[in-house]
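**Student:** Dropping the structure in here first, questions after.
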Amino acid sequence: MRIAAYHRYGAPEVVGVEQRELPEPGPGEFRVRVHAASVGAADAAGRAGSPWFARLAFGLRRPRNAVLGSDFAGVVDAVGTGVTRFAVGDRVFGATGVDGGAHAEAVVVSQDGAVVLLPDGVSVAAAVAICDGAMTALPFLRDGGLVRRGSRVLVNGASGAVGSAAVRLAVHLGAEVTAVCGPAHVELVAGLGASRVIDYTREDPMRAGAPGAPFDVVFDAVGTSSFRRARAVLRRHGRYLTTVPTWPIMFQHLTSRLGRRRAVIMFTGLRSDEAKRPDLDLLAALAATGGFAPVVDRVLPLDAIARAHAVVDTGHKTGTVVITPVPELQEA
Ligand SMILES: NC(=O)c1ccc[n+]([C@@H]2O[C@H](COP(=O)([O-])OP(=O)(O)OC[C@H]3O[C@@H](n4cnc5c(N)ncnc54)[C@H](OP(=O)(O)O)[C@@H]3O)[C@@H](O)[C@H]2O)c1
């Protein structure tokens with residue numbers, strides 16, 4: 001089978017296509033023919049070995065695993081002994097986490113992993129976009145922000161994978177959403193259901209009296225703000241959420257419990273597979289019934305893996321970059 005592999009940290013070109021034996025599933029495992037995989041922020045960090053803490057997960061001096069890619073969608077083509085949850089021919093999707101391996105024509109996963117059946121009507125590209133964006137946005141909004149009908153929510157980085165999913169899910173939860181993005185994506189973000197869109201190059205969304213303020217929740221999906229700045233637009237007892245770890249936010253996460261406004265950092269990829277599975281099912285069901293549509297930036301062939309990484313590195317992708325080894329799904 002073909003795999004996208006890398007053996008040292010560096011620029012997108014360190015990843016190239018190689019051949020490897022088709023892996024066989026062991027007891028309790030099954031093999032998925034990968035029809036789509038996402039190339040996301042974690043893959044780019046794992047490839048670059050930067051920021052430094054990425055090396056704690058991917059290998060201190062050189063990459064521990066040659067094949068990146070957590071989020072996959074495809075069809076089961078072999079099952080090991082003792083597998084009861086899945087059968088050959090099932091459409092499935094899920095995430096392997098830091099083990100990676102999804103940037104390949106096939107990946108072997110445990111039936112106890114973060115993997116579920118993919119309902120008809122949800123494309124494989126949409127499925128991996130759910131893993132890439134919504135599987136982070138949902139726990140942040142629901143568990144970290146306690147977002148509910150009538151909540152006033154600001155989403156910063158609203159055109160990215162996590163941010164675009166956050167806008168759509170917050171709207172679905174009944175919140176009134178103000179979304180922040182750059183000038184090129186104002187129209188796209190307005191189409192996600194936000195009540196108002198702030199172009200961060202023209203207006204500071206964190207200044208007192210900014211449109212939509214005060215907010216119950218400020219969700220910074222790309223880490224360009226801070227709890228200190230967000231206080232100006234947060235209501236009393238409001239919550240500031242961010243996906244990007246910094247020393248101040250780690251400290252504020254602990255100390256703000258005693259204050260009038262909370263700062264929250266979460267690590268959604270580190271949740272247990274048992275916690276992830278119901279959310280995968282919930283989001284897939286929502287997508288199948290039209291309640292949620294993830295944003296896909298583009299679908300590229302596996303051979304264009306370096307280009308996919310380069311798009312992620314721009315910091316301005318819209319939603320999820322998808323790679324596929326399946327010719328019918330590929331774009332130019
Ligand atoms: N803590 C966790 O559990 C967790 C989980 C998943 C991801 N993450 C992290 O979350 C971050 C976001 O991931 P992602 O995949 O959503 O990123 P992404 O798709 O690469 O986000 C790109 C978006 O960021 C926006 N952006 C860039 N500069 C901005 C600015 N100054 N102000 C507002 N928006 C700006 C861009 O908007 P424009 O192009 O419109 O300018 C672009 O659309 C990454 O750092 C990732 O590592 C953390």
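**Student:** Return, for the Cα atoms of the chain, the radius of gyration and Dmax in Å, separated by a comma.
**Tutor:** 19.6, 61
**Student:** Which far-off residues, 5 or more places away or on another chain, put their amide H under 5 Å from the one on His35, with H placed in the peptide plane?
**Tutor:** HN-HN under 5 Å from His35: Ala73, Gly74, Val75.
**Student:** Note down the Stokes-Einstein diffusion coefficient of region 210-252 in µm²/s, whole number, using a Kirkwood radius over alpha carbon pairs, 20 °C, and 1.002 mPa s.
**Tutor:** Taking Rh from Cα pairs, D becomes 202 µm²/s.
**Student:** Based only on other Cβ atoms within 10 Å, what is the fewest-to-most ordering of Ser164, Ser226?
**Tutor:** In order of increasing Cβ crowding within 10 Å: Ser226, Ser164.
**Student:** So between Trp52 and Met1, what do we pick up on full extension, going 0.36 nm a residue minus the alpha carbon distance?
**Tutor:** Full-extension gain reported as 15.2 nm.
**Student:** Please identify which residues in region 1-39 have an amide N closer than 17 Å to a label point set 7 Å out from the Cα of Arg61, following the Cα→Cβ vector.
**Tutor:** Output list for this probe position: 7-10.
**Student:** I need Leu329, Leu280 ordered by Cβ neighbour count within 10 Å, fewest first.
**Tutor:** So the ranking, lowest neighbour count to highest, is Leu329, Leu280.
**Student:** Let me ask you something else. Packing-wise, with mean Cβ within 10 Å as the measure, how do 267-275, 58-66 rank, highest first?
**Tutor:** Output ranking for 267-275, 58-66: 58-66, 267-275.
**Student:** Which whole-number percent of Cα pairs in region 80-140 have a distance greater than 14 Å?
**Tutor:** Percentage above 14 Å: 61.
**Student:** Further, regarding this structure: Taking the DSSP beta bridges in the chain as the whole, what percent of them are antiparallel, to the nearest 5?
**Tutor:** Among the beta bridges of the chain, antiparallel pairing accounts for roughly 50 percent.
**Student:** Treat the count of other C-beta atoms within 10 Å as a stand-in for reagent exposure and order Ser38, Ser225 from fewest to most.
**Tutor:** So the ranking, lowest neighbour count to highest, is Ser225, Ser38.
**Student:** With no solvent and one point on each alpha carbon, what is the Debye value of log10 I(q)/I(0) for region 134-269 at q = 0.09, 0.17, 0.20 Å⁻¹?
**Tutor:** So the normalised log intensities are -0.21, -0.79, -1.12.
Every number in this text was worked out from the coordinates using simple rules, so none of it is lab data. Note that this is a predicted model, so its numbers are computed, not measured. Here the Cβ is made from the backbone with ideal geometry for all residues, glycine too, and neighbour counts use every protein chain on show.
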